[in-house]
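Peer 1: I have a structure here, written as structure tokens, and I will follow up with some questions on it.
The values are calculated or read from the model by the stated rules, or taken from the named source; none is laboratory data. Here the structure is a predicted model, which is why all the values come from computation and not from measurement. Neighbour counts are summed over all protein chains in view; Cβ atoms, including those assigned to glycine, are modelled from backbone coordinates with ideal geometry. Heads up: the accessible areas ignore ligands, DNA and RNA and are worked out on the full protein's heavy atoms, side chains in. Shrake-Rupley method; radii C 1.70, N 1.55, O 1.52, S 1.80 Å.
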Amino acid sequence: MAMGSRKLLPRNLTARAAYRVAGNPDITRPEDSVGNCYPGLDTDLRNLDRRFFPGLVFEFVARRDTDAPYTEPHRYGAWLSYIDNWGDPDLQPEYVRGLDEPDRKWVAPLAGPLLDALKGTVGETLSVGIWYIDWIEQHGKRISMNERLPDGSTRPLDGLFVWRLVRGIERGPVTIGLGRRDGDGQVVLNGWRRFFTDPHTGVISAAYQPGEIMQSLCSPWQHDFRDCTCHYWASNRPDVVHGEIDPGVPRLPGGRAVDAERAETLLDWMRAERSQPMAGATTNEMPLNRLDQMDYFQINRAWQELNVVIQNTEIGEVFFPPAAEAAARPFGSVEELATELRDVLAPLEMTLALEYIYARFSLRSPEEAAGPGWPTMSDDVIFARHYLMLTAASEMQHLRWVNEILWRLFDAKLVPDYRPVLVLSPTVPTGPGTRRPRALRRLEPATLDDFIAVERPSGTIDGAYARVAATFASDVYPQHLKDLASRIANDGMEHYSRLRDIRRVLQLYTGATPPHPYLRPVEPGTPEQAASALARYAEVVRNLTAGYADMAHGAFDAGGRSIAAARAAMNALLDEGERLAAAGIGIPFWPAS
Amino acid sequence: MIGSPADLHRFETDFGPHVLIVDGSRVYAIDPALGHEIDGAASAGREAVRALLSSQGFADTVFMRETELRDPPLRSLSLAVAQKCNLGCQYCYAQGGGFGGPEKAMPWAVAEASVRRLFGQARPGERVNLAFLGGEPLTNRPVVRRATELAVRIAAERGVPVGFAITTNGTLLRPDDAEFFAGHAFAVTVSLDGVGEVHDRLRPFKSGRGSYGTVIERIKPLLERQGAMQVSARVTVTPRNLGLRDTLDRFVELGFESVGFSPMLSSPAGSAQLDEPDLDVLLAEMIACGREFERRVVAGQRYPFANMRSAMQEIHRGTHRPYPCGAGAGYFGVSADGGLFACHRFVDDPAGAMGHVETGVDRDVQRRWLAERAVDRQEPCRSCWARYLCGGGCHHEVIHRGRPACDLIRGWLHYCLQAYVNLQERCPELFTS
């Protein structure tokens, strides 16, 4: 309950602590709201600045985004929307009289003339034409609302920048200069930065109309679901998805269509055209996609047409969960398991890692790819190089994990000994039952197809590791061996996905002349040409061999140091490889057969 | 003032009518109309007053929620390092130093146990206090020194800061005491009952000779060394030294950091106690000193009248307490044998026995003590407007003599409230929150 209407002056500290001020409850104060400037959930504080100058109401006109081009400079800035002299309570004499000293002392000489000016000829002048703020002056410092370009010309500042400068105005007298943009005219007004809240009660100035402070808030489930510039709300929905797959259409485990074309096509989840056959693939630029998206009205009315998405695939009215995978068959004995790991899987991981790395060197660098002709090639090679490198690194990690499984089996005395496995495999699977020779090749489409084939789920690799994981389900084995094996198996799906994404991106260049413009003309070099790189490679192998052996025998410090040295050598190898590839030389990790 | 209701107290000032809201010791300036309403409600009874306070919003915040303490932590000990003294003051609660028993000095083992008990459960950052009393503590200087040094060591180890205090008759002070006390930032209190003969009549050596000259001579080095160490003069007021203003002025001149008056209300043999007519004189003298304080402070001068300073600080803070002090709560007096007592006055007094330094505070006894002695349980305190500022009066005095000085307290506080308003208006910088 507020204190009575009697005049009471609390004298001492406990009296002051207990003193309740009459006024709005706490939650109506700006400082207590979830208010910010972008635009906010409770109050949009930018709306305070529209009326920063008593008697005037501005709109801040800005580009769509701060990196959008300056296409309409004549519109940008703080535009005078209207003059509010009668309605603005802060201009009226009663308000000024009611201020405390010392505010009253300096506001009074400004308020009277300002009100007269706005009611008189200045107001009339400003009512005709299009007026913007040209400059703001406070404490003798004037800031122009126009920026100077390198060529010496000026153009108006983007409204967002003007707003930011207005937000920085301090409490106190302010002078503004207004200029007419559709004609000649200059007006100077002396005023002050409005007191946004009452100093005693904290109540927001009565100049703000009901609803005005909240008129531009986030609208999470309508417009901002579509268009939040900071992506806060839009992060709750997918941008691109795979299209719905009809029942009966063959699918992969994980739900994607077997048909590569259909499986790889990504659709804009908010596309306006909802019928399947007409849905075009999404572009990879938001502004281009917007043209085909549901607009604000449509989304409010037709939101129920947006599809539910499971595993990045739209589903229709009926959802068929993917078939449960058949349980993998464990190996007959730990010897059989160890043999498979040692002789088949570890060498395969190492060989694939090198094939991927070699292919990665064959992709042009972003600098090499830049230039006219293929506007997106620079971005595309960044994408492909990055994801190919991730996949190669993942294979190297698998190589480590396989070795780790083997040395832990040795540690648990389930196998008689452990020697580091860092050898190559002469062949690589291309599908169940088929193999191809290992090969160091550029990332041409055929190569990429081979990479995808080896990583295909339920193909060879993950099937093999699934058997390993199934074997480790028994309590005989340390628990985390099962985890390691499962991780390797699950990674396969990700490699498959990534490689297919790379393929989709590079499809753009099908039929180009000359072909494969994104590739360097790399051929395997001679050992002499690639001597330094091969030395690095040998260093990697040597250090990993020593490191794994140490780890197997419990010498973790020494092992850690060796592995760190291997990592350093790996980085040096990557730099060397780039240098050589730019000169057309591929590292001959193994002799050409 | 007569018939003032229990929940508020009206007072007039040069700056208009005011009210003290007893809950929270809140002070407000009010308009005359509300003043009249309050007076009207007061004559109608406690319920009417409560209704009025509620309607004005004063009851929206309740300050005094817990009127009793329970199991408070031990934070402060005074060691009766010497139950003996070289002076023979008539009114002494220690009855010449021995507390009615044979003279003794506190052995080191007891002092050590006391210091360790003091730091017992204190956590880093919490502050503790160690005081040396008696009798005359400087008759057992070695224990004082040693206990201090031990406390300093433990304080550093545990991260628990310790403050030191000593109350002394001043006759045995040596120059190296100044060094020692200054080095450990002691709060030194010297008992001085007046100037020259006034003091000598009340505080003679056991031989009968006056001690004033000796004391003044020996405290000089300490007065000069004040800084972190502060030296206060404590004047025990009896019917024979009621000329407070002269004493105060002289002692301020001498350079004491503060000068305070303690009415003698309960002495063991009843001698030198203040009775009713004396209390009226005392009140008038205290107020006269207070007015001088106001004058000097408004003029920007120093006038360290301790009672007034305390009162201004407490009123400004709105101090409200259910007890007069920490006796038996966080503060205990330790006898030379190691007994824990409610305070230094209760040493060897069964009425205040609360345990032993070896075994700690007897929680059952303490709980009873705290429950019984809370001010809202006392008569006539529970219906007195001054109760949360006063706290009920010194436990030792109340138990042994009763409450003869309630009018004095109320009179003094009434004056202090008025003075507070005056000083807040005239030199607000005195009260930085």
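Peer 1: Of the conditions (1) exposed (fewer than 15 other Cβ atoms within 10 Å of the Cβ); (2) touching a residue at least 12 places away in the same chain (Cβ under 8 Å); (3) hydrophobic (A, V, I, L, M, F, W, C), A:Ala446 satisfies every one except a single condition; which number is it?
Peer 2: Failed condition: (2).
Peer 1: Okay, moving on. Filter segment B:177-195 for residues that are open to solvent by less than 20 Å² (accessible area, probe 1.4 Å) and in a loop (DSSP other than H, G, I, E, B) and give the result.
Peer 2: B:Phe186, B:Leu192, B:Asp193, B:Gly194 - these are the residues of segment B:177-195 that are open to solvent by less than 20 Å² (accessible area, probe 1.4 Å) and in a loop (DSSP other than H, G, I, E, B).
Peer 1: Which numbered condition in (1) touching a Leu at 6+ places or on another chain (Cβ under 8 Å); (2) within 21 Å of B:Gly411 (Cβ to Cβ); (3) surrounded by fewer than 22 Cβ atoms within 10 Å (Cβ to Cβ) is the only one that B:Val27 fails?
Peer 2: Status for B:Val27: all satisfied but (3).
Peer 1: Right, something else. Within segment A:157-178, which residues are within 26 Å of A:Asn36 (Cβ to Cβ) and open to solvent by less than 50 Å² (accessible area, probe 1.4 Å)?
Peer 2: A:Leu157, A:Asp158, A:Gly159, A:Val162, A:Trp163, A:Val166, A:Gly168, A:Ile169, A:Gly172, A:Val174, A:Ile176
Peer 1: Can you tell me which of (1) in contact with a Lys or Arg (Cβ under 7 Å, 6 or more places away or on another chain); (2) under 24 Å from A:Thr154 (Cα atoms); (3) open to solvent by less than 50 Å² (accessible area, probe 1.4 Å) is the one A:Arg51 doesn't meet?
Peer 2: Every listed condition holds for A:Arg51 apart from (2).
Peer 1: For B:Lys206, only one of the following conditions fails: (1) open to solvent by less than 50 Å² (accessible area, probe 1.4 Å); (2) of a type in the set (D, E, K, R); (3) touching a residue at least 60 places away in the same chain (Cβ under 8 Å). What is its number?
Peer 2: The failed condition is (1).
Let's see how each residue does on (1) more than 10 Å from chain A (Cβ to nearest Cβ); (2) at positive phi; (3) among the acidic types (Asp, Glu); (4) under 29 Å from the mean Cα position of the chain (by Cα):
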site: B:His9; (1), (2), (3), (4): yes, no, no, yes
site: B:Asp14; (1), (2), (3), (4): yes, no, yes, no
site: B:Val19; (1), (2), (3), (4): no, no, no, yes
site: B:Gly24; (1), (2), (3), (4): no, yes, no, yes
site: B:Ile30; (1), (2), (3), (4): no, no, no, no
site: B:His36; (1), (2), (3), (4): yes, no, no, no
site: B:Asp39; (1), (2), (3), (4): yes, no, yes, no
site: B:Ala44; (1), (2), (3), (4): yes, no, no, no
site: B:Ala48; (1), (2), (3), (4): yes, no, no, no
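Peer 1: Those residues that are in contact (Cβ under 8 Å) with a residue 12 or more places away in the chain and in contact with a helix residue (DSSP H, G or I) (Cβ under 9 Å, 6 or more places away or on another chain), I need them from segment B:292-308; list them, please.
Peer 2: B:Glu292, B:Phe293, B:Glu294, B:Val297, B:Val298, B:Arg302, B:Tyr303, B:Pro304, B:Phe305, B:Asn307, B:Met308
One line per residue, one yes/no per condition, for (1) at pLDDT 90 or above; (2) of a type in the set (Val, Ile, Thr); (3) over 26 Å from A:Arg567 (Cβ atoms); (4) touching a helix residue (DSSP H, G or I) at 6+ places or on another chain (Cβ under 8 Å):
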{"site": "A:Ala392", "(1), (2), (3), (4)": "yes, no, no, yes"}
{"site": "A:Glu404", "(1), (2), (3), (4)": "yes, no, no, yes"}
{"site": "A:Val415", "(1), (2), (3), (4)": "yes, yes, yes, yes"}
{"site": "A:Tyr418", "(1), (2), (3), (4)": "yes, no, no, yes"}
{"site": "A:Thr460", "(1), (2), (3), (4)": "no, yes, yes, yes"}
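Peer 1: Evaluate segment B:358-372: report whether one residue or more is away from chain A (no Cβ under 14 Å), under 30 Å from B:Glu112 (Cα atoms), among the acidic types (Asp, Glu) and touching a helix residue (DSSP H, G or I) at 6+ places or on another chain (Cβ under 8 Å).
Peer 2: yes
Peer 1: What number of residues in segment A:557-577 are loosely packed, with under 14 Cβ neighbours inside 10 Å and under 23 Å from A:Leu519 (Cα atoms)?
Peer 2: Selection size over segment A:557-577: 2.
Peer 1: Is it the case that some residue within segment A:511-518 is surrounded by 15 or more Cβ atoms within 10 Å (Cβ to Cβ) and in contact with a strand residue (DSSP E or B) (Cβ under 9 Å, 6 or more places away or on another chain)?
Peer 2: Yes, there is a match, as at least one residue in segment A:511-518 is surrounded by 15 or more Cβ atoms within 10 Å (Cβ to Cβ) and in contact with a strand residue (DSSP E or B) (Cβ under 9 Å, 6 or more places away or on another chain).
Listed here are the residues, each with its yes/no results for (1) open to solvent by 40 Å² or more (accessible area, probe 1.4 Å); (2) more than 30 Å from A:Tyr477 (Cβ to Cβ); (3) touching a Cys at 6+ places or on another chain (Cβ under 9 Å).
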site	(1), (2), (3)
A:Ser365	no, yes, no
A:Phe383	yes, yes, no
A:Met396	yes, no, no
A:Val402	no, no, no
A:Arg408	yes, no, no
A:Val415	no, no, no
A:Val421	no, no, no
A:Thr434	yes, yes, no
A:Glu455	no, no, no
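Peer 1: Right, here's the next one. Run B:Pro277 past the list (1) modelled with pLDDT of 95 or more; (2) more than 20 Å from B:Leu413 (Cβ to Cβ) and report the number of the one that doesn't hold.
Peer 2: B:Pro277 satisfies every listed condition except (1).
Peer 1: Yes or no: segment B:64-78 includes at least one residue that is modelled with pLDDT under 85, more than 24 Å from B:His400 (Cα to Cα) and within 14 Å of chain A (Cβ to nearest Cβ).
Peer 2: yes
Peer 1: Applying the selection to segment B:149-171, what residues are among the hydroxyl-bearing types (Ser, Thr, Tyr) and part of a loop (DSSP other than H, G, I, E, B)?
Peer 2: B:Thr171
Peer 1: Moving on. For segment A:84-171, give me every one of the helices (runs of 4 or more DSSP H) that falls completely inside it and has 2 or more residues that are modelled with pLDDT of 95 or more and out of contact with any Asp or Glu (no Cβ under 9 Å at 6 or more places or on another chain).
Peer 2: Hits in segment A:84-171: A:103-119, A:121-126, A:159-167.
Peer 1: Turning to a different aspect of this structure: Which members of segment A:106-152 meet the condition of being acidic (Asp, Glu), surrounded by 12 or more Cβ atoms within 10 Å (Cβ to Cβ) and under 26 Å from A:Pro89 (Cβ atoms)?
Peer 2: Once the filter is applied, which keeps residues that are acidic (Asp, Glu), surrounded by 12 or more Cβ atoms within 10 Å (Cβ to Cβ) and under 26 Å from A:Pro89 (Cβ atoms), segment A:106-152 yields A:Asp116, A:Glu137.
Peer 1: Can you tell me how many residues within segment B:399-433 are of a type in the set (A, V, I, L, M, F, W, C), more than 13 Å from every other protein chain (Cβ to nearest Cβ) and more than 18 Å from the chain's Cα centre (by Cα)?
Peer 2: Selection size over segment B:399-433: 1.
Peer 1: Search segment B:47-74 for residues that are in a helix (DSSP H, G or I) and pair each with any residue that is among the small types (Gly, Ala, Ser) when their beta-carbon atoms are under 6 Å apart and the residues are at least 6 apart or on different chains.
Peer 2: Correct list of pairs: B:Ala48/B:Ala41; B:Val49/B:Ala41; B:Val49/B:Ala42; B:Leu52/B:Ala41; B:Leu53/B:Ala59.
Peer 1: Have a look at B:Ala94, B:Ala59, B:Ala113 and point out the one that is more than 26 Å from the chain's Cα centre (by Cα) and either hydroxyl-bearing (Ser, Thr, Tyr) or more than 14 Å from chain A (Cβ to nearest Cβ) (or both).
Peer 2: Every option except B:Ala113 fails the conditions.
Peer 1: Which residues, counting only those in segment B:267-288, are open to solvent by 20 Å² or more (accessible area, probe 1.4 Å) and part of a loop (DSSP other than H, G, I, E, B)?
Peer 2: B:Pro268, B:Ala269, B:Gly270, B:Ser271, B:Ala272, B:Gln273, B:Asp275
Peer 1: Can you pull out the residues in segment B:289-326 that are touching a Phe, Trp or Tyr at 6+ places or on another chain (Cβ under 7 Å) and part of a helix (DSSP H, G or I)?
Peer 2: Hits for segment B:289-326 are B:Cys289, B:Gly290, B:Glu292, B:Phe293, B:Arg296, B:Val297, B:Asn307, B:Met308, B:Met312, B:Ile315, B:His316.
Peer 1: Same structure, new question: Answer yes if at least one residue in segment A:37-52 is at pLDDT 85 or above, out of contact with any Cys (no Cβ under 9 Å at 6 or more places or on another chain), in a loop (DSSP other than H, G, I, E, B) and more than 14 Å from every other protein chain (Cβ to nearest Cβ), and no otherwise.
Peer 2: yes
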